[in-house]
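Note sheet for the following structure.
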Amino acid sequence: MTARFGVLGPLQVTGHDGRWLRLRGQRQRALLAMLLFNANERVPTDRLVDALWPGVPPKSYASNLHTYVSRLRDRLGDTLIDHAGPGYRLRVDDADLDLLTFRTAGESGRAALAAGDAETAAGHLRRALAQWRDRPLADLALPALDAEVARLEIERLTVFEDWVAAELAVGRHAALLGELQAAVAEHPLRERLVGQLMRALRRSGRQADALAAYRTARATLVEETGLEPGAELRAVHAEILRGDDDPADDPADEWPIRQLPADLRVFTGRDHAVDELTALLTGPDGLPVVLTGEPGVGKSALAVRVAHRLRPAFPDGQLYAHLAGATAPRPVDDVLTDLLRSLGVTGPGIPDDVHAKAAVLRSRLADRRVLLVLDDAADPGQVRPLLPGTPSTAVLVTSRRRLSGLLNAHRVTVGSLTDAEALDLLATIAGPRVPADQDGARRIAAACGNLPLALRIAGTRLALRPQLRLSTLADRLEDERRRLDELSVSDLQVRAGLALSYAALTEPARATFRLIGAAATTNVPAWAITVLQDGVAGEDAVDELVESSLLQPAADDACGEPRYEIHDLVLTFARERLLADDGAAGCDRAAARLLDAILALADRLGQDLPRVFPALAVDEPVPAPQLPEESLVRYAADPVGWFAIERTSLVAGIGLLTGIGMHRRAARIFERLARYLWPQGSYADLRACASALAEAGRAAGDERVEVWAEAVHARVLHVRGRYADAVEKYRWCADRLGADRHALAWVLTNLADCLTGLGMPEEALGLTDRAAALSTEEAVAAARSAALNRLGRPAESVRVDTEALAVARRSAEPRAVAGALQSLSWSLALTGELDRAATAAREAVALLRGTTARRALARALRTLGAVQAGRGERAGALAAFAECRAIAEEINEAPRVLSSRRAIAAGWVGDGRAGEAVAELRACVAAYREMGSASSTAITLRLLAAAHDAVGEPDAAEKARAEADLTADPRDSNARALTALLMNLTRVPGPSLSAH
């Protein structure tokens, strides 16, 4: 009889006679733990040494380790610890180690569950969970195993969820409730657990508690990650609200995701590497796999080939991210944003903080069978935040570096092709001439160092020039003067191979290739290449570059403009050639041409979009667009589409310009770009650009640019509900804008609107008087109307809004007309003219539906909903508020989200769901208090009082009303009217909506 071991709790050893064996010494226990965690596998000596002596090991570490192993063998009796190469292996049966029993039983349970045998699955999974006594190695401090312990705890949680699924499938929902509630309390971000708890509660007849569990989980997710629940949890919530039967465990959603680049048609060799990578990526440990090797060796091609081969093993999809580590490493923040968008997270809903983004990514990938390919990583720091939190998602990383700082990862080094593989690749590309001249082919392959990239370039030269003999090309490659720096075993291999392809081009193609080096991106639109050429190259130059594999056609963009891909290493070489052949002055001229073209295009297309911020009066000349006429026509037909395509490049370009002293040019581009960003609700981009411009203006002593940028930043804070911060910035800007009448009027108008929201309408009204003396903008009238309404003077507001509407109709600008109609609608509602108010609000909504002004549409819908509530049009009111909420959540505009949630919760009171309304309205009160809006707080408190009355809580109702009386401004007719309108929703019975 051999010993039995336990690591799923304090380290435990049971001897032959069934008695516990006590091991002496920390290092002996650490050695056993290392061997058990890697049972039946060789543990390298250096890994054992690092675990036993985390600092500097003693000089006699080898003999000391041998001594510890010998003593361990003596203590364990028949248990076999053998010497396996440069390391040791402990052999143990699955039944004699709780970790192996756990995994074996877990796999059996999942297999039974997949086969539809829930009862058998529950038994296996229950046995797996029974192996756990405590946290793994609870009595042993062993940093070398910290990562494995953390992964194991996640694995246990997944098995627990599988067990719950099996138990639910056989109807034991009531018995699960205690364990599920404890598990959710410990892991509130595990959406699958929350969904299981909701289903168990519902099947136990506790539907209200199930919905309460959802609200709690949603609040936690929003607070900690900034994101709404995922599709699966929302589906469970919806099914409970509808009273439907349980859907399948995995409802249709965005999965599977297929992002892999196309597999290379020409791919030879690498059979052993493909098999090794397949085994590692589908293995049980879930460790990332790092594919390393010199540039040009084919790491990316191999990774893509393996990923395509593994599609059946990862049914939820394959994600792909190019990290550009060889040139300009992409910021982790940008990569996370792209990955989250791929997973269905909307742009405005993506958290700003990089750590929060990483948490959302882990949440989205939790328990999904996904393969994540991270191509061309720069360093470990670029990879760590992208790693998933569960072993179900495999990660394949490619990099020129070994990424030694990325601990607990498998590493596979990719070398050059064998001689036979190199000849096969050359023959596949260049054709039948290769077998006919084996000597020349071997010389070419040797000169290329058997590197795939160099071989592909040489083969392409041969294919393009049928008259070129292999021996002639071999002679040129062997001539150092023709190969630049020869072909060697370092990065120069890629440079030399690229130089060969470059030398084979015609002069117009070489000139075009060099000029593309001035581009800052590997995805280049056709118009940019034309601008860079500046008439010096022939029309066939791009086609020649494509044929030479130096440029690859990409999909046309959304406006129909052709685009091209250039590998980042090839782009680096193009930049080198541009500097060497054309000098620094030539580099600067090419970059300036491209920059001028982008500025000219942004300026030209931005003119067709409505202005959203004051014009920036800076003396910054704008060049004429030098684009091909067909490209100009294509983009002019869809300026919003062009800004959508180039948004990322423009935002990055603004940051670049501010960093090199060209902040005024950056400001000019930003003013045009903002006309696209603002209606879309792209507040994160607006804030990033405004902050960079303000800092650059401050550093350059350019107060005009600094103040303008800070005013934009204040507006972003304003719409996101950060009123106090916005007021501070508005006041700072107003003190410095004396000479710019239009900008000062804009700042004063928005400051007035913000102060009205904070319950200071007297000061707000005075500010609108100042703004009106400076500008006739319709926004001044709207701000003045809002202040008058808060002061209890709605009749004056109607007059102001009527005059503003007349001016707006003369302009025939739909957004201006809609804005005036929305303001007039609300003023009419305050005077009791609800029929006229409804007509104005409906016209405003109809006008805005034909524009991209999402924020304005949300505001008009909110007004329409309130008016319809007052007219007793309950269904229409709730539909308007629901649409307003959806838009506001999409663009992350907190005030509109709150007002919609509040109205929908009022509807709950009217149809007997007052208990749920109480919790929702309390949350709204807390949010309004944090925002600093006394008026909104008072309105919500009165609705909360009505909800308390409905559930028979008169004391709580009285307390809420008293608090509302203390908070409200008695002159605020706006608040009184809105309260009365929304109260209709609490009294009229009928179906309402979810506030989430």
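Before moving on, here are some points about what is shown:
- Across segment 116-153, the qualifying residues are those that are touching a residue at least 24 places away in the same chain (Cβ under 8 Å) and farther than 26 Å from residue 13 by Cβ, and the one among them that is surrounded by the fewest Cβ atoms within 10 Å (Cβ to Cβ) is 119.
- Within segment 363-460, helices (runs of 4 or more DSSP H) holding 3 or more residues that are small (Gly, Ala, Ser): 419-430, 438-447
- Residue count for segment 166-193, restricted to those that are assigned to a helix (DSSP H, G or I), in contact (Cβ under 8 Å) with a residue 40 or more places away in the chain and closer than 20 Å to residue 235 by Cα: 4
- Counting the residues of segment 282-299 that are under 28 Å from residue 454 (Cβ atoms) and at pLDDT 90 or above gives 3.
- Filtering segment 379-408 to residues that are surrounded by fewer than 20 Cβ atoms within 10 Å (Cβ to Cβ), farther than 17 Å from residue 362 by Cα and either without any contact (Cβ under 8 Å) to a residue 12 or more places away in the chain or small (Gly, Ala, Ser) (or both) leaves 404, 405.
- Some residue of segment 764-782 being more than 28 Å from residue 805 (Cβ to Cβ) and buried (at least 24 other Cβ atoms within 10 Å of the Cβ): no
- The number of residues in segment 74-123 that are within 17 Å of residue 31 (Cα to Cα) and not in a loop (DSSP other than H, G, I, E, B) comes to 14.
- Residues located in segment 687-702, provided they are part of a helix (DSSP H, G or I) and either assigned by TED's automatic domain parsing to the domain that holds residue 352 or surrounded by fewer than 21 Cβ atoms within 10 Å (Cβ to Cβ) (or both): 687, 688, 691, 695, 698, 699, 700
- If the condition is being touching a Pro at 6+ places or on another chain (Cβ under 7 Å) and either free of Cβ contacts under 8 Å to residues at least 24 places away in the same chain or in the same structural domain as residue 408 (by TED's automatic domain parsing) (or both), then segment 33-63 contributes only 49.
- Residue match in segment 748-767 (condition: free of Cβ contacts under 8 Å to residues at least 40 places away in the same chain and part of a loop (DSSP other than H, G, I, E, B)): yes
- Of all residues in segment 886-929 being free of Cβ contacts under 8 Å to residues at least 24 places away in the same chain and under 25 Å from residue 678 (Cβ atoms), the one that is surrounded by the fewest Cβ atoms within 10 Å (Cβ to Cβ): 886
- Restricting the search to helices (runs of 4 or more DSSP H) fully inside segment 875-988 and requiring at least 3 residues that are touching a Ser or Thr at 6+ places or on another chain (Cβ under 7 Å) gives 894-910, 914-931, 934-950.
- Meets criteria (of a type in the set (Gly, Ala, Ser), out of contact with any Lys or Arg (no Cβ under 9 Å at 6 or more places or on another chain) and either surrounded by 15 or more Cβ atoms within 10 Å (Cβ to Cβ) or touching a residue at least 40 places away in the same chain (Cβ under 8 Å) (or both)) for residue 30: yes
- Residues located in segment 353-371, provided they are surrounded by fewer than 20 Cβ atoms within 10 Å (Cβ to Cβ) and either in contact with a Pro (Cβ under 7 Å, 6 or more places away or on another chain) or β-branched (Val, Ile, Thr) (or both): 354, 362, 369
- Selection of segment 946-960 for residues being of a type in the set (D, E, K, R) and crowded, with 17+ Cβ neighbours inside 10 Å yields 949, 953.
- Tabulated pairs, segment 697-720, first within 17 Å of residue 613 (Cα to Cα), second of a type in the set (D, E, K, R) and in a helix (DSSP H, G or I), C-beta under 6 angstrom, 6+ apart or interchain: 706/698; 710/729; 714/729; 716/687; 717/725
- Some residue of segment 578-596 being assigned by TED's automatic domain parsing to the domain that holds residue 513, at pLDDT below 80, within 29 Å of the chain's Cα centre (by Cα) and closer than 23 Å to residue 666 by Cβ: yes
- Only residues that are hydrophobic (A, V, I, L, M, F, W, C), over 23 Å from the mean Cα position of the chain (by Cα) and modelled with pLDDT under 70 were counted across segment 233-265, and they come to 1.
- Meets criteria (under 18 Å from residue 257 (Cβ atoms), surrounded by fewer than 18 Cβ atoms within 10 Å (Cβ to Cβ) and of a type in the set (A, V, I, L, M)) for residue 313: yes
- Counted residues, segment 835-873 - those being within 12 Å of residue 981 (Cβ to Cβ) and surrounded by fewer than 21 Cβ atoms within 10 Å (Cβ to Cβ): 3
- Members of segment 753-777 found to be at pLDDT below 85, farther than 13 Å from residue 971 by Cβ and within 40 Å of the chain's Cα centre (by Cα), listed by number: 757, 758, 777
- Scope segment 301-310; condition surrounded by fewer than 20 Cβ atoms within 10 Å (Cβ to Cβ) and out of contact with any helix residue (DSSP H, G or I) (no Cβ under 7 Å at 6 or more places or on another chain); matching residues: 308
- Residue ID - nearest to the chain's Cα centre (by Cα), chosen from residues in segment 778-825 that are closer than 21 Å to residue 978 by Cα and in contact (Cβ under 8 Å) with a residue 60 or more places away in the chain: 786
- Qualifying residue in segment 852-867 (condition: more than 29 Å from the chain's Cα centre (by Cα) and outside any helix (DSSP H, G or I)): no
- Residue within segment 85-105 that is among the basic types (Lys, Arg) and modelled with pLDDT under 80 present: no
- Number of positions in segment 357-388 that are of a type in the set (A, V, I, L, M, F, W, C) and more than 16 Å from residue 256 (Cα to Cα): 9
- Among the residues of segment 323-337, the ones that are surrounded by fewer than 18 Cβ atoms within 10 Å (Cβ to Cβ) and within 18 Å of the chain's Cα centre (by Cα) come to 4 in all.
- Residue match in segment 721-728 (condition: outside any helix (DSSP H, G or I) and over 27 Å from residue 639 (Cβ atoms)): yes
The values are calculated or read from the model by the stated rules, or taken from the named source; none is laboratory data. On a predicted model such as this, the values are computed, not experimentally measured, just so you know. Counting neighbours? That spans all protein chains shown, and the Cβs are built from the backbone with ideal geometry, glycine included.
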